[in-house]
1. For the protein assembly as shown, what does -39500 (n - 2.57) per DSSP helix run (n ≥ 4), summed and divided by total residues, give at 222 nm, in deg cm²/dmol to the nearest 500?
2. Could you state the accessible area per residue of region A:272-311 in Å², with a 1.4 Å probe and every protein chain left in place?
3. Among A:460, A:438, A:476, whose Cα sits farthest toward the positive end of the charge dipole of region A:433-546 (+1 at Cβ of Lys/Arg, -1 at Cβ of Asp/Glu, about the Cα centre)?
4. Of A:296, A:123, A:159, which is farthest on the positive side of the dipole of chain A, counting Cα position, with +1 on Lys and Arg Cβ, -1 on Asp and Glu Cβ, and the Cα centre as origin?
5. Distance in nm between label sites at residue A:322 and residue A:591, each 7 Å beyond Cα in the beta-carbon direction?
6. Would you mind giving the mean number of other chain beta-carbons within 10 Å of the Cβ of each residue in A:74-87, as a whole number?
7. What percent antiparallel are the DSSP beta bridges of the protein assembly as shown, to the nearest 5?
8. Give me the distance in nm between label points sitting 7 Å out from Cα along the Cα-to-Cβ direction at residue A:470 and residue A:300, one decimal.
Amino acid sequence: MSAVAKGGGALSRREFLKASGAAAGVMVIGAAISSRALAQQRSGADAALGKTLDANEVDGFFAVHADGSVTLFSGKVDLGTGLRIAIPQMAAEELGIDVARIRIVEGDTGLTPDQGATAGSTGIMRGGVQIRQAAATAREALIGIAAQRLGRPAAELEAVNGEVRPKAGGAGVGFGKLIGDKRFGLKLDAKAPLRDPSGYTVVGKPIQRPDVAAKVTGQHVYMQDFSVPGMLHGRVIRPSSVGAKLVSVDEASIRGIGNARVVRINDFVGVVADDEWDAIRAARALKTTWTKEENLVGDEGVREWMRRGPFEADETLMKRGDARAALAAGKRLKATYYWPVQSHASMGPSCAVADLRDGKAMVWSASQATHRLRGIVARLMQLPTDVVRVVYLDGAGCYGMNGHDDAAADAALLSRATGRPVRVQWMREDEHAWDPKGPPQLLDMEGALTADGRIWAWKTEMFLPRATASLPNVPLLGPAAAGIAQPMGISTGLISQNGNPPYAAQNVEVIVHWLKDAPLRPSNIRAPGKVANCFAVESFTDELAAAAGRDPVEFRLQGLSDARGIEVLKRSVALLGWQPRPSPAANGKGVATGRGMAYMHYKNNETYVAVAMEVEVDRGSGTIRVKRLACAHDCGLVINADAVRAQIEGNLLQTLSRTLHEETKFDRSAVSSRDWSSYPILTFPEVPEMLIDVVDRPKEPPLGAGEAAATPVPAALANAVFDACGVRLRTAPFTRERVKAAMVAMATENKRKA
Amino acid sequence: MPTYRLSINGEIRSVAVSDPKQPLLYVLRNSLGLTGAKYGCGLGQCGACTVHIGGKAVRSCLVPVSSVGAKRVTTIEGLGTPAAPHPVQAAFIAEQAAQCGYCVNGMVMTSAALLAQKPRATLGECKAALAGNLCRCGTQHRIERAVMRARDAIGKPVEKRAAEDAGSKA
Ligand code: FES
Ligand code: FES
């Protein structure tokens with residue numbers, strides 16, 4: 001949408017009320033307000049809301065109302081991560097106002113600037129920092145206005161508690177009186193001074209999230225709970241094999257199920273009904289026949305396929321010294337690591353509501369990127385972008401791109417076909433089978449040591465699906481089936497980062513063999529690529545430490561020079577009470593106990609994190625039990641201490657789940673792991689004791705906490721298992737069968753050597 | 001259309017459905033506007049849809065509406081509100097035991113039923129009771145803390161409980 005009024009014209013009170021009233025994502029911080037009532041107000045609004053969406057304008061992000069309260073328009077959204085409180089905290093601190101006086105609107109393309117997808121740990125680091133700068137610009141402007149009004153130099157004034165007042169004391173003027181419901185008409189000033197962190201009163205505090213009370217009392221309106229009047233319930237029938245063509249649909253097969261009817265657009269087939277249960281029954285009863293396709297490699301064939309190709313290119317990511325020559329000259333260690341295809345496996349299957357009538361489109365979605373989705377909907381539905389509005393509502397956590405955007409496209413197709421608003425709710429099997437998947441990764445590692453036990457040479461050779469250059473978005477299922485043209489290709493996130501050792505080594509080479517394709521449609525999944533890369537790099541580091549006969553911590557520290565890295569590494573093992581000695585421990589028979597750790601400097605320039613854990617391995621059953629899980633974490637300036645902790649806990653437990661249990665199973669035709677028993681995740685009895693140490697660095701820029709702590713978990717676990725029983729796990733997930741098989745292989749190998 | 005009279009959160013509500021096998025979950029969410037119970041799997045595998053029937057935690061996605069009869073149904077909305085939360089809900093707020101919170105209905109309802117039955121439940125019993133409740137965000141540790149906090153709070157005078165909850169977070 002283009003801004004209605006450009007420049008510094010005052011936004012009338014009516015315009016503003018309209019803008020913020022229609023903003024149904026408005027959440028009153030700290031006040032108990034029914035988000036249901038607000039969410040219901042969303043419908044009916046169209047694109048002409050009369051507010052600038054320019055991310056270079058203060059008015060893009062802030063409106064100060066006559067009553068002195070503030071509305072914050074954030075392009076970044078809260079995915080269960082706490083941004084809904086953290087970003088207002090940053091704004092409150094810079095503006096000089098109580099955070100309870102700030103309302104936040106998130107991810108509404110009619111109201112919020114496009115700040116890019118909420119992905120890649122950028123919510124605070126980029127989104128929040130941009131809004132902080134807008135707040136600092138606004139504060140300086142408010143001080144400037146007050147200086148004129150009070151006839152005093154700006155330098156003698158300060159913004160505190162929602163007013164500008166003389167530093168020396170005396171009466172101030174409230175923000176509402178200074179600018180209430182008028183535009184700032186100002187560009188963001190990159191030089192607007194930020195407050196000194198030593199005086200922070202809001203940033204850093206563990207302020208409670210405004211949505212938790214509503215969530216635990218059933219009042220919060222999720223995407224899945226949202227409805228509009230006259231809405232139909234839709235279900236989409238996916239093909240029995242990936243890429244199959246629809247041969248026939250027997251519409252008579254659903255006769256008598258309420259008013260359910262079929263919508264068919266080429267190979268896209270769905271059912272709609274007034275009643276949701278009727279839609280579900282109809283989707284189950286509908287007889288469809290499909291061509292049989294067998295174009296997949298199958299989960300058991302992925303590894304071999306990754307070696308075989310077809311490849312698109314090779315790329316050298318890092319080259320220092322001459323790793324190949326050094327490896328050829330010395331005694332080298334080799335190992336191969338594999339990470340399987342995984343699902344985002346959201347607790348709530350994806351859902352969307354779309355209303356395509358009167359040549360306009362209104363879409364409600366839990367997308368990570370409503371602004372991007374807006375463009376997609378416009379393109380697919382052949383509508384001008386400015387008549388499309390996408391509004392964010394919380395879904396179940398997505399951890400990357402799950403099926404939310406697909407569900408939105410499904411709903412748009414069904415709404416256009418029926419002329420009614422349509423809600424599409426994916427079923428459990430839809431989500432497990434059809435969400436875009438985390439891509440598989442294969443890594444060949446080679447290393448050699450110096451005579452005194454340091455890393456001399458290191459080579460990482462990755463086999464990875466290559467993301468299609470400048471692909472605007474993950475191609476969506478519904479439009480593809482409906483025969484609507486869209487840019488094709490694959491999307492993965494930045495999966496080749498952190499393949500290098502973070503430790504000193506004379507000779508290093510990191511290369512990647514880029515595969516042309518992926519086994520199932522991929523997308524970004526939490527900490528894209530870096531979970532597997534850290535698994536390989538930090539497990540292999542442990543293999544080198546063991547070969548050198550050194551304690552794994554001491555071995556790492558001798559090669560680490562970054563002070564912040566050293567700090568988290570030391571703190572993580574201190575939490576566990578680490579006793580230095582080489583691995584493996586001398587353990588007898590039966591249940592073995594061990595400890596392991598791993599370290600990560602996220603993307604080589606962001607958050608520092610180290611994870612250490614203590615495990616028990618039952619040699620008989622192959623069961624791994626994590627007893628204690630410790631993490632030290634440095635993401636620079638901490639905005640909300642409790643929200644950061646929650647993110648760390650979530651990263652640790654989710655990745656423990658991915659490491660112990662998760663692999664998407666598929667044959668030549670389709671995914672077969674379609675529920676929670678065929679795709680199990682971590683359960684309560686497996687949850688370990690957790691010890692978390694957050695390093696706060698108020699003088700450093702704030703970095704992301706949404707991904708980094710996920711990455712060291714698999715290696716720390718593999719290293720602990722090795723320490724416990726001498727078995728090296730190089731393929732995830734670490735299922736009981738795999739542990740037992742590795743145990744047998746080790747015994748055979750030992751016998752052969754003896 | 002068959003019509004059923006249900007006892008929901010202390011009120012008698014009448015609902016007409018097209019199919020007697022319609023799970024209670026959809027009746028609650030669509031006919032009665034009680035969207036606190038969530039659809040997660042429809043298979044009894046995740047717990048997101050948990051409600052109390054006759055005081056027991058059950059999976060509403062597997063309960064045909066025709067089988068409910070006169071039994072008392074309590075949903076999370078009937079358990080407590082933001083202004084007057086149940087001790088379990090108050091403990092979940094104090095511990096901020098939700099990330100996305102999609103699973104939290106099941107967590108709250110299952111633990112409330114557990115503590116009603118076993119007011120002195122141990123951490124191990126709490127883990128066992130929640131073993132069939134899945135959380136993808138990795139909030140389990142906080143949920144355990146919340147349930148233990150609720151256990152300790154239940155039995156204390158209400159004013160003391162409220163004061164402690166208020167003081168537990170800055
Ligand atoms: S929705 Fe009922 S158990 Fe998952
Ligand atoms: S908090 Fe998101 S699934 Fe539990």
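1. Here the helix-only value at 222 nm equals -9000 deg cm²/dmol.
2. Working: 2110 Å² over 40 residues.
With all protein chains present, region A:272-311 gives 53 Å² per residue.
3. Highest projection toward the positive end goes to A:476.
4. Most positive-ward Cα: A:296.
5. My value for the distance between the label points is 5.4 nm.
6. 1
7. Once the DSSP bridges in the protein assembly as shown are tallied, antiparallel ones form about 75 percent.
8. Distance between label points: 4.3 nm.
The values are calculated or read from the model by the stated rules, or taken from the named source; none is laboratory data. Please read all numbers here as calculations on a predicted model, not as lab measurements. Because the Cβ atoms are built from the backbone with ideal geometry, glycine has one as well, and the counts that use them run over all protein chains shown. Areas reflect the complete protein model, heavy atoms only, side chains present, ligands, DNA and RNA absent. Shrake-Rupley method; radii C 1.70, N 1.55, O 1.52, S 1.80 Å.
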